[in-house]
Amino acid sequence: LRWMALLRGPCDTPYEGGIFQLNIVCWTDYPLAPPSIQFVTKVFHPNVHFRTGDVCLDILIQEWSPACGIQAACRAILVLLSHPDADSPLNCDAGNMIRGGDMLAYNSTAHMYTVENAMFLTWPNRDKKE
């Protein structure tokens, strides 16, 4: 099965206001094996490979359980966007900024890529008052 997901960038992060597209592939051994999840939208994050969009997240590798499911995996990715792990970077530039304590550079660069790549989509009914 192939799925496409749209994730809204978490509040109070450099990804806020962005909408990020993910490709999700569930192989024939799913749910016993984790799905493959990749960002389609370019994102500057230490745990996301900049060219391929691969995600380094324990729930998608060694911590997977058939009880997890796609929704839990997407929620874990949202948490990862809020709390990057610079100790296992797929994007060394982002990881080095965080490890070096230069959060201004990291947040500015991540926000720039969010504006350039993730702010052209809109959520349905986003501006409607309820």
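The values are calculated or read from the model by the stated rules, or taken from the named source; none is laboratory data. Nothing here was measured: the structure is a model prediction, and the numbers come from that model. Note that each Cβ is placed from the backbone with ideal geometry, even for glycine, and that neighbours are counted across all protein chains shown. In case anyone asks, the SASA skips ligands and DNA or RNA and just uses the protein heavy atoms, side chains included. Shrake-Rupley method; radii C 1.70, N 1.55, O 1.52, S 1.80 Å.
Here is how the numbers come out for the structure above:
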{"read-out": "Cα pair distances exceeding 24 angstrom across the chain, given as percent", "value": "29"}
{"read-out": "Nonlocal amide H pairs with residue 18, under 5 Å, H built at 1.01 Å", "value": "9"}
{"read-out": "Highest-MSF residue in the chain out of 81, 104, 90 [GNM, Cα springs under 10 Å]", "value": "104"}
{"read-out": "Candidates 89, 14, 31, ranked by Gaussian network fluctuation over the chain, Cα under 10 Å, top entry", "value": "31"}
{"read-out": "Sulfur and carbon atoms: percent of accessible area, the range 1-109 [1.4 Å]", "value": "55"}
{"read-out": "Heavy-atom surface of the chain, accessible at 1.4 Å and reported per residue (Å²)", "value": "60"}
{"read-out": "Dipole-positive endmost among 103, 72, 115 within the range 42-118 (Cβ charges, Cα centre)", "value": "115"}
{"read-out": "Accessible area of residue 54 in the full protein assembly, 1.4 Å probe (Å², nearest 10)", "value": "60"}
